[in-house]
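One structure below.
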Amino acid sequence: METTILGRTGLRVGVAGLGAGGHSRLGLSTGGNEAGAIAVIHAALDRGVNLIDTASVYGTEEVVGRAIAGRRAGVVLATKSSAMRGGEPMTPAAVRDSLEASLRALGVDRIDLFQLHAVPPGQYETIRDRLVPVLERARAQGKIGFLGITETAPNDLEHAMLARAIPDGIWDSAMVAFHMMHQNARERVFPLTRAHNVGTLLMFAVRGIFARPAQLATTLRELAAAGQVPAALAEEDPPLGFLLHPDGADSLTDAAYRYVRHEPGVDVVLFGTGSIAHLQRNIDSILKPKLPEADRARLAALFSHLRGVGLDVPGRPR
Ligand SMILES: NC(=O)c1ccc[n+]([C@@H]2O[C@H](COP(=O)([O-])OP(=O)(O)OC[C@H]3O[C@@H](n4cnc5c(N)ncnc54)[C@H](OP(=O)(O)O)[C@@H]3O)[C@@H](O)[C@H]2O)c1
């Protein structure tokens, strides 16, 4: 595994990180069971993945806890508390309870990276002022190593929350949505995270749009009909087939993971899966060289103006 330093945390992390949420939830959302989820986590650790990202709302903290029992020392454990409940910012007491519940579920006495989950731009300052003191107290007690924040990608297409949060000097990491057809973190986020030495965790690299060719084809047809991409692109079969050639990617997911991995400012590429075969392929992709410059340039020319494509939410598939 190639490693890097996660911004100002100073933590050494593998460039491929395992996500325990998304559409798969380690396979628990796609017909898998706990033994299968544990096998996925063990396969990731055996390949040198050391960062595992979960969240209170994913329902995967227990299984992550069971999988890492006995291997805790090598793991950078990241989880999240919701930032909102019932349309309102969480109270400090509720976040403290969420942290304690995560510690119990994970079976640990310390969480390396504790993140506030999906912070809406309109509530950022309220959430910050209300919740950071309780998080800092937990950090002083040794229950938390570092503080992170994650954006709500489908509701924050311009990364407005992170653009205000990163310069605050509070957050050690930021979880950012960026992919081949949602590129504006390049201008809106990465210059800030680099300037403030905030570590970045990449989400949405593949999600549904690059995992399911039929979904991508439908999206390209809709974009072509709206005049957002050239009509010829909607005819290409397989969709975005121009990326697949002997010097380029060998699959859409290969292209998608390699695309984000080599973006300046990206530290850890999260991938989510319930399949050990996918896991092995995804790690291989993340460790491969950049896509050819001509393909990257074509992706920029075709898609850098798009906003909000492919940011689907589990339970609400297209
Ligand atoms: N706001 C937030 O805080 C937030 C939001 C979104 C995500 N996240 C984090 O980011 C992580 C990564 O996001 P994600 O889970 O959506 O991951 P992703 O890696 O972008 O996409 C995963 C999807 O692609 C499929 N897939 C993965 N590898 C594949 C392959 N080689 N071939 C075909 N299909 C493949 C998976 O299904 P299979 O199971 O079949 O492989 C799954 O449906 C999450 O787990 C979570 O930790 C955080």
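Any read-out appearing in this document is the output of simple, stated calculations on the displayed coordinates, not a laboratory observation. Predicted model, so just to flag it, every value in this text is computed and none were measured. Cβ coordinates were reconstructed from backbone atoms using ideal geometry, including for glycine residues, and neighbour counts include every protein chain displayed.
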Seminar exercise, completed: In the chain, taking the dipole from +1 charges on Lys and Arg beta carbons and -1 charges on Asp and Glu beta carbons about the Cα centre, the listed residue (9, 259, 218) farthest towards the positive end is 9
Problem set entry | Simple Cβ-charge dipole of region 179-299, Lys/Arg +1 and Asp/Glu -1, about Cα centre, in debye nearest 20 | 360
Problem set entry | GNM result for the chain, Cα springs below 10 Å: residue of 190, 242, 271 fluctuating most strongly | 242
Problem set entry | At 0.890 mPa s and 25 °C, Stokes D of the chain from Kirkwood alpha-carbon radius, µm² per second | 124
Problem set entry | On Cα atoms only, tilt of 213-225 relative to the major axis of the chain in degrees | 70
For this session: Taking the chain as the reference, fit the longest principal axis to its C-alpha atoms, fit the long axis of helix 276-287 to the helix C-alpha atoms, and give the angle between the two in degrees, 0 to 90, nearest 10.
Result: 80
For this session: Could you tell me what percent of the DSSP beta bridges with both partners in region 29-182 are antiparallel, to the nearest 5?
Result: 15
Exercise. Restricting to the chain, what percent of DSSP beta bridges are antiparallel, rounded to 5?
Worked result: 20
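Quickly estimate the mean residue ellipticity at 222 nm for the chain, helices only: each DSSP H run with n ≥ 4 gives -39500 (n - 2.57), and the total goes over all residues, rounded to 500.
Rounded to the nearest 500, the figure is -11000 deg cm²/dmol.
If you put +1 on each Lys and Arg Cβ and -1 on each Asp and Glu Cβ, how big is the dipole of the chain around its Cα centre, in Debye rounded to 20?
My answer is approximately 520 debye.
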